[in-house]
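One structure is given below, encoded as structure tokens.
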Amino acid sequence: MSVDTATVRRVARLARIAVTDEDVATMQGELNSILGFVEQLSEVDVSGVEPMTSVIPMEMKKRRDVVTDGHKADDIVANAPETDEHFFLVPKVVE
């Protein structure tokens, strides 16, 4: 894949980078070399390689998945003006 000057100007505009006419040729060469490197990566055979999230094997810390009420009902309604058995009491608004 090759990047032309119009693409360089468009990328610079999208990135909000001010590019002079002299810089366009330099950026074009840099972008073409980056894309060339990415194309080299697609040639590598990774069919037997599993995806990984870290270079060292790690196991995530896990907690038991149990349903609880959080034991915070009293704390949640502590500042409410009126409550009834851990529920907020509000005035009726529907007529």
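Numerical summary
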| read-out | value |
| --- | --- |
| Residues satisfying the stated conditions in region 74-95, i.e. part of a loop (DSSP other than H, G, I, E, B) and not β-branched (V, I, T) | A78, N79, A80, P81, E82, E85, H86, L89, P91, K92, E95 |
| Breaking point among (1) aliphatic (A, V, I, L, M); (2) touching a Lys or Arg at 6+ places or on another chain (Cβ under 9 Å); (3) without any contact (Cβ under 8 Å) to a residue 12 or more places away in the chain, for V24 | (3) |
| Test: residue in region 8-19 that is in contact with a strand residue (DSSP E or B) (Cβ under 9 Å, 6 or more places away or on another chain), open to solvent by 90 Å² or more (accessible area, probe 1.4 Å), without any contact (Cβ under 8 Å) to a residue 40 or more places away in the chain and assigned to a loop (DSSP other than H, G, I, E, B) | no |
| Among the residues listed as V93, V55, V66, V77, the single one being surrounded by 10 or more Cβ atoms within 10 Å (Cβ to Cβ) and of a type in the set (V, I, T) | V77 |
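So that you can scan it fast, the table gives a plain yes or no per residue for (1) open to solvent by 90 Å² or more (accessible area, probe 1.4 Å); (2) of a type in the set (D, E, K, R):
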site: D4; (1), (2): no, yes
site: G29; (1), (2): no, no
site: Q40; (1), (2): yes, no
site: P51; (1), (2): yes, no
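The values are calculated or read from the model by the stated rules, or taken from the named source; none is laboratory data. All values reported here derive from a predicted model rather than from experimental measurement. Glycine also receives a Cβ, built like all others from the backbone with ideal geometry; neighbour counts cover every protein chain displayed. To get the accessible areas, we keep the full protein, side chains included, count just its heavy atoms, and leave off ligands, DNA and RNA. Shrake-Rupley method; radii C 1.70, N 1.55, O 1.52, S 1.80 Å.
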